[in-house]
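> Have a look at the structure that comes next, please.
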Amino acid sequence: FRRIEAVEFAVYNDDGRLPENLTQADIVLVGISRTSKTPLSNYIAHRGYKVANVPLVKEVPPPRQLDDVDPRRVFALAVDPTVLVHVRRARLDVMGVEADAAYGDLSTIREEMLWARRVFRDHPEWTIVDITEKAIEESAAQIFEMYRERFEASAGAPQDEG
């Protein structure tokens, strides 16, 4: 039942949809577009953790409710822009949009990542996870390890069963 509840929580709290629920999450992921927030959220949720994810959009302040979350629960996803450009261009191709759109432009992506890193610096207690060229499982393992170090002694903390 815990896993079902966690998966439902992740689905309802995907892409910053319900910022009022952020404080109920075991783990909150933040990052710019295409940094694997949703797949990582789903993977972690299937291990029984309530996960919310929040997109960072350049020049748009993160939801104020994010400041109410225990910062040890927030994981900021970073990626090398030269890798992200390929991911975004592939997404544009699937959507039938020209590859030279700003969304897939390397200089635009660099600016977004620099802006996101400023947001991360404004929240020094958030944990930065570099997802560059990592499988979802690798990024999740890194998050699980840090989460357990911080909260495993807490009553009711979910334990990964596999």
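> Given springs between every Cα pair under 10 Å in a Gaussian network model of the chain, which of 13, 21, 53 has the largest fluctuation?
21
> Keeping all protein chains in place, calculate the accessible area per residue for the chain (probe 1.4 angstrom), answer in Å².
Averaged over the residues of the chain, the accessible area is 53 Å².
> Now for a different question. Calculate the dipole size of the stretch 1-57 relative to its Cα centre from +1 charges on Lys and Arg beta carbons and -1 charges on Asp and Glu beta carbons; express the result in debye to the nearest 20.
Using only the charged Cβ atoms, the result is roughly 200 debye.
> Using a probe of 1.4 angstrom, how much of the accessible area of the chain is carbon and sulfur, in percent?
Ligands and nucleic acids excluded, carbon and sulfur give 50 percent.
> Quote the charge dipole size of the chain about the Cα centre in Debye, to the nearest 20; the model charges only the Cβ of Lys and Arg (+1) and of Asp and Glu (-1).
Using only the charged Cβ atoms, the result is roughly 80 debye.
> Here is a follow-up. Going by a ≥ b ≥ c, the root eigenvalues of the Cα gyration tensor, does the stretch 1-126 fall in the rounded group (a/c under 1.5), the prolate group (a/b larger than b/c) or the oblate group?
Because a/c hits 1.5 or more and a/b fails to exceed b/c, the stretch 1-126 counts as oblate.
> Relative to the longest principal axis of the C-alpha atoms of the chain, give the angle of the C-alpha long axis of helix 2-12, reported between 0 and 90° and rounded to the nearest 10°.
The angle comes out near 30 degrees.
> Moving to a separate point now. Can you tell me the 0 to 90 degree angle between the C-alpha axis of helix 136-151 and the longest principal axis of the chain, rounded to 10?
40 degrees
The values are calculated or read from the model by the stated rules, or taken from the named source; none is laboratory data. Computed from a predicted structure; not experimentally measured. Neighbour counts run over all protein chains shown; Cβ positions are idealised from the backbone, glycine included. We work out accessible area using only protein heavy atoms, side chains counted, and drop any ligands, DNA or RNA first. Shrake-Rupley method; radii C 1.70, N 1.55, O 1.52, S 1.80 Å.
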